[in-house]
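To start, the structure itself, in structure tokens.
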Amino acid sequence: MSKIEENEMRQNQGMLELMLVVIVTVITFGFVLLFGFIIVNPREEIVVLRFGKYVTTLRKQGICWIHPVGRALHRIPTRDMTHDIAVTTVLERNGNPIQISAIVVYRVEDSYKAALEVEDYRKFIEDQASAVIKRVSAQFPYESPDHSEPCLKLENDAVSSAFVVEMQEAVFAAGVKILNVRLNDLTYAPEIAQAMLMRQQAMALIDARKTIVEGAVEIVKDAVHRLGNAELHMSDEQREQLISNLLVVICSGERAQPVVQVQSGNQHRKG
């Protein structure tokens, strides 16, 4: 083989190697270019790490490109989310066991903390929420008979605010903002439910009797006043007897049975 042919073969081989390098480079660059694109969805933030080091946080929705080598992405939704606290037995302020569950509404406001400061921000919220429910429930009674103080049963602003404040302090490390906490289930524990039901029934009966007595006094007072205006004069003994009878009839839970007194016309004579 002549030197000219050897040179041509070497040139062709060099060209093939060059083309192979170009092809490999183009394919590699294509894959790098393709896998470098990231889609940021609405109400979502992406925390970007490269080889374990924080790089940036993508907040603008749309398509972004970041070199994929050594890249790690943490997608954090910033939408309003809820967490359902399962029914748990706790002690209220008076020491009575109650069963309570709640719904927590929250939103991630610091995606860096949610992604890097805690291992799993949702599990973190779940664990903290159960502890907060127990602590706050111990600060309020189950119910307030005269409505003079905040109670769990009415769930007024003071109770809701206490839950929100305590929950916010507990999950601050996760970059989460607590929007609302609402009680879902609230009942006495089964072991005291029957006793508390009897107590409620007794209190309702006492309140009903008080109302009946107050009404009876007003009715009797009005009846005596009307009799006086009608010039139906009665002795003090008769007035007292009338008042007693009216109070018994009105306050009694049974139907009144009229009794007619009959006096005999015959009088005993003394011998």
* Kindly identify segment 117-229 as rounded, prolate or oblate by the Cα gyration tensor criterion: order the square roots of the eigenvalues as a ≥ b ≥ c, call it rounded if a/c is under 1.5, otherwise compare a/b with b/c, prolate if a/b is larger, else oblate. => prolate
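Give me the percent relative contact order of segment 81-188, please, defined on Cα pairs under 8 angstrom at least 6 residues apart.
On the way: 189 pairs, mean separation 41.9, N = 108.
39 percent.
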* To do: Would you mind ranking Phe163, Phe37 so that the residue whose beta carbon has the fewest other beta carbons within 10 Å leads the list?
  => Phe37, Phe163
* Structure fact -> Subtracting the Cα-Cα distance of Gln168 and Leu18 from 0.36 nm times their residue separation yields 47.7 nm
* **Cα→Cβ-extended label distance, 7 Å offset, between Val55 and Val224, nm** => 9.4 nm
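Pairs of alpha-carbon atoms within less than 8 angstrom and 6+ residues apart define the contacts here; what relative contact order does segment 43-118 have, in percent? Walk me through the numbers on the way to the answer.
Values: 118 pairs, mean separation 22.5, N = 76.
Taking the mean separation of contacting Cα pairs over the length of segment 43-118, I get 30 percent.
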* Inter-centroid distance (Cα atoms) of segment 216-238 relative to segment 37-59, Å -> 88 Å
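Between Val40 and Ser148, what FRET efficiency follows from the Cβ-Cβ distance if R0 is 45 Å, with the result rounded to 0.05? Walk me through the intermediate numbers first.
Working: r = 53 Å, r/R0 = 1.18.
Result of the calculation: an efficiency of 0.25.
If packing is taken as the average number of other Cβ atoms within 10 Å across a peptide's residues, how do 114-121, 80-87 rank, most packed first?
Values: 114-121: 17.0, 80-87: 14.0.
Result, highest mean Cβ count within 10 Å first: 114-121, 80-87.
Between Arg93 and Lys123, what is the FRET efficiency for a Förster distance of 30 Å, r being their Cβ-Cβ separation, to the nearest 0.05?
With R0 = 30 Å, the Cβ-Cβ based efficiency is 0.50.
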* Estimated FRET transfer efficiency when R0 is 41 angstrom, pair Asp185-Ala208 (beta carbons, to 0.05) -> 0.90
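FYI, it's all coordinate maths here, none of it is from the lab. The shown structure was predicted, so the numbers you read here are calculated from the model rather than taken from an experiment. Counting neighbours? That spans all protein chains shown, and the Cβs are built from the backbone with ideal geometry, glycine included.
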